[in-house]
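First comes the structure, then the notes that go with it.
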Amino acid sequence: MGHPHNLSGQPVPAPHHSLCKELPPDIQLKSSLSQFKAISPCPAVINPLLLCFLFQITAKAAVIFVTLQYNVTIPATEEQSAETISLYHYGIKDLATIFFYMLVAIIIHAIIQEYVLDKINRKMHFSKTKHSKFNESGQLSAFYLFSCVWGTSILVSENYISDPTSLWRDYPHTLIPFQMKFFYILQLAYWFHAFPELYFQKTKKEDIFRQIVYIGLYLFHIAGAYLLNLTHLGLVLLVLHYFVEFLFHISRLFYFSDERYQKGFSLWAVLFVLGRLLTLILSVLTFGFGLARAENQQLNFSTGNFNILAVRISVLASICLAQAFMMWKFINFQLRRWREHSSSQPQSVKKKFVTAKGKSSRKERENGINGTVTSNGADSPRSRKDKSS
């Protein structure tokens, strides 16, 4: 029998066992099983949904999972636009759409893990701890970059950056364009997909609670902005936060490749503090200045108006507590880095002192000052210390 060939006609090389030896067997087995478990259930759900579009009877049910619901067509007017505009609002059917794209996110997560991150891990020979942190930063940096670029394009196209008053003007923002609703649907789908990923990635028991709190904070604030019709402010704050987080995770990826790389963390530290301050300023302006002066301040579920004092105080307090929590984690992180740096500095000074002392003693022995040099001098404790340093 001949060797198998690929589509281009070139022979496919036989599997080589050296790649399997580059990672420890337990990491290889866990990685392969987690990827298989992550991918295998998703096509079993997605493929039937896609096949439902082939039949007219089932197509209506499948549309709920794949396409956005609750669209409203606004007819063209001479004053506003010459074309009809399709806007969207939220409803219970959005849960089906979120569920479908959550499965898509699981598949994309597994593809990035297998074809990008695992290949880099084999080349870099990371330890177990670095292996998991590298995977986490690799996945999150890709998601944050995608969300930042997409969110920024929405901000520019809707003129939210040039006109800050659009954050609270014409509230409630019950009708939003297609891009913004799809952005929020995918954000919720991604963070919901992070829960099953805790099982697929074999997260340690001591890290599960931290990850659940981390995911829960994202879901709480994103869903809150979506349901309270604060999508304009939520989009600005998300893009700002994602950009800072992207800098952190991309800096950590470079740090794993070269531990001397520290500039990225310094830039991230400055932008992190500025990001927290800007988040608080925009939130106070929106709730304490813009919405507080609005004419309609009556709770109305039918129109989606939640502009009352209790809601404004609750949302602003939630944002402030989240920023305080992140600043507390940030300060602890910086203190831990400072302690590690200060503890490693005396060791390096001590090593230099021992090396200098060993060199002077060796010169004295060679000159015969401290006695005759023995034949087993290379095995002496002083020489071994010199070699280790």
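The values are calculated or read from the model by the stated rules, or taken from the named source; none is laboratory data. Quick caveat, the model's predicted, so the values are computed rather than measured. All Cβ positions, even for glycine, are placed from backbone atoms using ideal geometry, and neighbour counts span all protein chains on display. Heads up: the accessible areas ignore ligands, DNA and RNA and are worked out on the full protein's heavy atoms, side chains in. Shrake-Rupley method; radii C 1.70, N 1.55, O 1.52, S 1.80 Å.
Observations on the structure shown:
- Other residues whose C-beta falls under 13 angstrom from the C-beta of residue 116 contribute a net charge of +1, scoring Lys and Arg +1 and Asp and Glu -1.
- Point-to-point label distance, residue 92-residue 162, nm (Cα→Cβ direction, 7 Å offset): 4.2
- Descending Cα extents along the principal axes, the range 108-164, whole Å: 49, 20, 14
- Distance (nanometres) between label positions extended 7 Å along Cα→Cβ at residue 333 and residue 202: 2.7
- For residue 164, net neighbour charge (Lys/Arg +1, Asp/Glu -1) across residues whose Cβ lies under 14 Å away: -2
- Residue separation of residue 274 and residue 178 scaled by 0.36 nm, minus their Cα-Cα distance, works out to 31.5 nm of gained length.
- Residue 261 paired with residue 115, simple spin-label distance in nm, labels 7 Å along Cα-to-beta-carbon: 2.4
- Estimated FRET transfer efficiency (residue 254, residue 320; beta-carbon r; R0 45 Å; 0.05): 0.85
- Peptide packing: for 275-283, 139-147, the average count of neighbouring Cβ atoms within 10 Å per residue gives the ranking 139-147, 275-283, highest mean first.
- Sorted largest first by accessible area at a 1.4 angstrom probe radius, with every protein chain in place, the residues 95, 240 fall in the order 95, 240.
- Neighbour cut-off at most 13 other Cβ (10 Å), DSSP loop, trypsin sites (Lys or Arg not before Pro), the range 233-265: 260
- Qualifying chymotrypsin sites (Phe, Trp or Tyr not before Pro) in the range 233-316, where qualification requires a DSSP coil assignment and no more than 14 other C-beta atoms within 10 Å, comprise 261, 301.
- If you plug the beta carbon distance of residue 219 and residue 57 into 1/(1 + (r/R0)^6) with R0 = 25 Å, you get a FRET efficiency near 0.10.
- Proximal charge balance of residue 183 [Cβ under 15 Å; K/R count +1, D/E count -1]: -1
- Along each principal axis, taking the top coordinate minus the bottom one, the Cα set of the range 102-340 gives 62, 40, 35 Å in descending order.
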